[in-house]
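These notes are about the structure you will find just below.
The values are calculated or read from the model by the stated rules, or taken from the named source; none is laboratory data. Small disclaimer: the values here were computed from a predicted structure and weren't measured. No Cβ is skipped: glycine too gets one built from the backbone with ideal geometry, and neighbour counts run over all protein chains shown. These area figures cover heavy atoms from the full protein model, side chains too; ligands, DNA and RNA do not enter into them. Shrake-Rupley method; radii C 1.70, N 1.55, O 1.52, S 1.80 Å.
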Amino acid sequence: PSLYTTDPTIEALIELLNDNKHGILLFQDEISGFLLSFDKYRGGKGGDREQYLSLWSSTAIKIDRVSKKLYVPDPFLSLLGGLQPGKAVRLFGEDSFDDGLITRFLFYNNDDIYKKLTNHQWRDDYEKMWTKMILYLYSMDTGSKLKLKLNDDAWQVFMDYYNSLTEI
C-alpha cells in the first residue's frame, strides 16, 4: 500500500483510502495548490471541498456507481504542506470560516529559524529504527476509530485555538 500521495483527484484518493486501512498522507509542498485544485476536473461544479470536509471527521465513504462500488468505513487522511501567511488570507477567505475548513488546519509558524548545515549524516541504523517503527504501527489493529484523549492543559490549548478561529 501507498503511504502518501501528492496530487490525487478525489476519486483516486478514495481508492487509496480504500486500499490503506491505516490512512494516507497527502503531501502538498504548497497548500495553495491543494486549495486551488478543488473541482478542477469538474469545471468548478463538483463537491471536492465538501468531500475533504467530510474526510476530516473520518465520515464513512460509500460509492455506488455502475462502474464501481466502494465502501471505506474509517477513512483517515493527513494533509501536510506549507503556505505563506499572505496567501493564507487570500486563499481561505470568508467561506472557510462559514463551512469550517480553516478550523480543520493546524498552523505552525517557525519564526524563520534555520539550522546550519553540518557533517552529521543520516545513519543506516536510524533508517532501520524508523522502518521498524512504521511497520509496527501499520501492523496494529485499532479495531474501530482511535480516540485522542487530551489532558486538561492540552484541551485548554485546543479550545483557545478553536475559539479564536471561531471569533474571527
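List of remarks:
- Antiparallel bridges, percent of DSSP beta bridges restricted to the chain (to nearest 5): 35
- Structure-derived semi-axes √(5λ) of the Cα gyration tensor in Å: which label, when the choices are (i) 27, 25, 19; (ii) 55, 13, 11; (iii) 51, 20, 15: (i)
- Seen through its C-alpha gyration tensor, with square-root eigenvalues sorted a ≥ b ≥ c, the range 31-89 comes out oblate because a/c lies at 1.5 or above while a/b is not bigger than b/c.
- Sum of -39500 (n - 2.57) over DSSP H runs of 4+, divided by residues of the chain (222 nm, nearest 500): -12000 deg cm²/dmol
- Among the listed pairs K45/K87; K69/K147; K21/K87; K68/K128; K40/K69, those beyond 32 Å (Cα-Cα): K21/K87; K68/K128
- Taking the average, over residues, of other Cβ atoms within 10 Å as the packing measure, peptides 118-128, 74-84, 60-70 rank 74-84, 60-70, 118-128 from highest down.
- For the range 1-107, the list of GluC sites (Glu not before Pro) that fall in a loop by DSSP and count at most 11 other C-beta atoms within 10 angstrom reads E94.
- Working from label points 7 Å from Cα in the Cα-to-Cβ sense, the S58 to R123 distance is 3.6 nm.
- Efficiency of FRET between E94 and Y41 - r from beta-carbon atoms, R0 30 angstrom, step 0.05: 0.75
- Computed from the C-beta positions of K21 and A154 and an R0 of 35 Å, the FRET efficiency is 0.80 to the nearest 0.05.
- Accessible surface, per residue, of the chain when the full set of protein chains is kept, probe 1.4 Å, Å²: 78
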